[in-house]
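The values are calculated or read from the model by the stated rules, or taken from the named source; none is laboratory data. It should be emphasised that the depicted structure is a prediction, and the values quoted were computed from it without experimental measurement. Neighbour counts are summed over all protein chains in view; Cβ atoms, including those assigned to glycine, are modelled from backbone coordinates with ideal geometry.
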Amino acid sequence: MNINNQHYKLEVSSSKRLLDVLREDLNLTATKECCGIGECGACTVLVNGKAVLSCLMLAAEADGAEIFTAEGLADNGQLSALQKAFLEKGAVQCGFCIPGQLIAATYLLAQNPHPTREEVEEGIAGNLCRCGGYERIIEAILSVAEKGEEQQ
Amino acid sequence: MSDFEYVRAKTIEETVKFLAAHGADTRILAGGTDLLIQLRNNESRPSFILDLKHIPELQTGVQLKGDVVSISATVTMSELIMNPLINRYFPALIDAASAVGSVQIRNRATLVGNICNASPAADSAPPLLVYGADVIAVGTNGTRRIPLNDFFVRSGVTSLQDSEFVTSIELPVPSVRMGAAHVRRTRRKGHDLASVTLCCGVEETGTTKICYGSVGPRPILAIDTSGILADQKAPEEAKTALFESIFAQASPSKTSMRASPAYRLAMLRVLGKQALKLALSRLNEGGREI
């Protein structure tokens, strides 16, 4: 599979989830494990350009797929527009949910570059933030949409 | 998660043969949004996981075939929501698909998977029953067309045999103008399962179909041919009495954590009126084009 534009050839146990392979085999730990049952969104990654939950996908299913994780957002140490906006708006508190939020937001803006506030809310409805930082997360996503900057 | 073998099927024929040999020890994988949770919790311990996503015959998507719209087994909820044919002919199915989980879930979960799991709370079941869906299944004895109403047996159980699997769902294009809407109650929006689901379809002929789920072991379909529900001038008492008879088959679980039986029964009545109103307004706006 291809992860963040890098090719990987892996042999994995059939019972491993994509999340396990990312975190344990490849040490790509930006993608977080939290609920493990598809409710919290902390493990959100892009698979072939679509936001999905890596806890609800077998690694074997990702054979041949293009995966994008939060590690791929920054380009040569330069933060993406969304990452900058999250910092500027103070959207990050404990930080645990943020990689998932960023990937969900990246997907949302790729699909819909100028979402309404309601559309942003729907786009991150599957990403829980236990700090309750939703207001600032939504503000950050909207600010990027308003600037109309290129994503990623 | 217990150990299993992951198998990628390449053709329908190969899948039928595999299931004939190992059907009882196999779980079929499409979107996996329910299956992976069962595997994780060790509620299911299959020897084989058979992935259907790489079978070209199941990648036909949403197609108009004469007077039927066919939805293949790999079509996700997100794909349904974006599809022009579904938007044109089956708006209540869009309501239901949009209510499923979060965007991440909708990008993986398939319509056929939602039906095969046979959860009483399945969002897509009420609109599919209202629209008169058929399930197309394949097995060692060939292809079988099963009306969706005969497909659901009880929670988690369908009329499929071990060697059979579903290749598509077919919906007849409505032959008369129809307005339909799907509504639900849930504890929180985002990813919770529904506490009550209800779809109402009103035809210009006066026939009203109501299907409700999550208040018994399987979704219930009721048809009012009296024209009372569709008649905006009919007295409220007559409609209430009709709703009461329609909802008589509801038997919500006493042990569910999501909502008490009393709450579900009360909400059923609220949703019935809400969906009827929305369906009538959609019919008056022109319903769907023919």
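Testing B:Ala133 on (1) in contact with a strand residue (DSSP E or B) (Cβ under 9 Å, 6 or more places away or on another chain); (2) of a type outside the set (Ser, Thr, Tyr); (3) surrounded by fewer than 21 Cβ atoms within 10 Å (Cβ to Cβ); (4) under 30 Å from B:Thr11 (Cβ atoms), one condition comes back false. Which one is that? Only one criterion in (1) in contact with a strand residue (DSSP E or B) (Cβ under 9 Å, 6 or more places away or on another chain); (2) of a type outside the set (Ser, Thr, Tyr); (3) surrounded by fewer than 21 Cβ atoms within 10 Å (Cβ to Cβ); (4) under 30 Å from B:Thr11 (Cβ atoms) is unmet by B:Ala133, namely (3).
The helices (runs of 4 or more DSSP H) falling completely within the stretch B:1-113 that include 3 or more residues that are touching a residue at least 12 places away in the same chain (Cβ under 8 Å) and either more than 14 Å from chain A (Cβ to nearest Cβ) or of a type outside the set (Lys, Arg) (or both) map to B:12-22, B:77-82, B:84-89, B:91-99. Scan the stretch B:99-119 residue by residue and report those that are surrounded by fewer than 24 Cβ atoms within 10 Å (Cβ to Cβ) and either over 18 Å from B:Ile71 (Cα atoms) or among the charged types (D, E, K, R) (or both). Of everything in the stretch B:99-119, those that are surrounded by fewer than 24 Cβ atoms within 10 Å (Cβ to Cβ) and either over 18 Å from B:Ile71 (Cα atoms) or among the charged types (D, E, K, R) (or both) turn out to be B:Ala99, B:Gly101, B:Ser119.
Identify all residues within the stretch A:39-52 that are in contact with an Asp or Glu (Cβ under 9 Å, 6 or more places away or on another chain) and at the interface with chain B (Cβ under 7 Å from one of its Cβ atoms); write none if there are none.
Once the filter is applied, which keeps residues that are in contact with an Asp or Glu (Cβ under 9 Å, 6 or more places away or on another chain) and at the interface with chain B (Cβ under 7 Å from one of its Cβ atoms), the stretch A:39-52 yields only A:Glu39.
Counting just the residues of the stretch A:12-59 that are of a type in the set (S, T, N, Q) and part of a loop (DSSP other than H, G, I, E, B), which one comes out surrounded by the most Cβ atoms within 10 Å (Cβ to Cβ)? Checked the stretch A:12-59; the qualifying residue surrounded by the most Cβ atoms within 10 Å (Cβ to Cβ) is A:Thr31. The condition of being part of a loop (DSSP other than H, G, I, E, B), closer than 15 Å to A:Ala65 by Cβ and more than 10 Å from every other protein chain (Cβ to nearest Cβ) holds for A:Lys9. Filtered by the rule that a residue be on the phi > 0 side of the Ramachandran plot, free of Cβ contacts under 8 Å to residues at least 60 places away in the same chain and touching a strand residue (DSSP E or B) at 6+ places or on another chain (Cβ under 8 Å), the stretch A:1-49 gives A:Gly38, A:Asn48.
Within the stretch A:60-80, the set of residues being surrounded by fewer than 20 Cβ atoms within 10 Å (Cβ to Cβ), in contact (Cβ under 8 Å) with a residue 40 or more places away in the chain and farther than 23 Å from A:Ser13 by Cα comprises A:Glu71, A:Asp75. Do the conditions hold for B:Arg154, that is, is it of a type outside the set (S, T, N, Q) and either in the same structural domain as B:Glu13 (by TED's automatic domain parsing) or over 26 Å from B:Ser251 (Cβ atoms) (or both)? Spelling it out, it is not the case that B:Arg154 is of a type outside the set (S, T, N, Q) and either in the same structural domain as B:Glu13 (by TED's automatic domain parsing) or over 26 Å from B:Ser251 (Cβ atoms) (or both). Out of A:Ala110, A:Ala91, A:Ala145, A:Ala125, one residue alone is outside any loop (DSSP other than H, G, I, E, B), within 27 Å of A:Leu22 (Cα to Cα) and not hydroxyl-bearing (Ser, Thr, Tyr). It is A:Ala110. Within the stretch A:113-122, being more than 8 Å from chain B (Cβ to nearest Cβ) and not in a loop (DSSP other than H, G, I, E, B) holds for A:Arg117, A:Glu118, A:Glu119, A:Val120, A:Glu121.
Let's see how each residue does on (1) among the polar types (S, T, N, Q); (2) modelled with pLDDT under 95; (3) on the phi < 0 side of the Ramachandran plot:
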| residue | (1), (2), (3) |
| --- | --- |
| B:Val153 | no, no, yes |
| B:Val166 | no, no, yes |
| B:Arg177 | no, yes, yes |
| B:Lys189 | no, yes, yes |
| B:Asp192 | no, yes, yes |
| B:Cys199 | no, no, yes |
| B:Thr207 | yes, no, yes |
| B:Thr225 | yes, no, yes |
| B:Ile228 | no, no, yes |
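Name the residues in the stretch B:76-91 that are touching a Phe, Trp or Tyr at 6+ places or on another chain (Cβ under 9 Å) and either more than 26 Å from B:Asp34 (Cβ to Cβ) or among the acidic types (Asp, Glu) (or both), would you? B:Tyr89 - this is the single residue of the stretch B:76-91 that is touching a Phe, Trp or Tyr at 6+ places or on another chain (Cβ under 9 Å) and either more than 26 Å from B:Asp34 (Cβ to Cβ) or among the acidic types (Asp, Glu) (or both).
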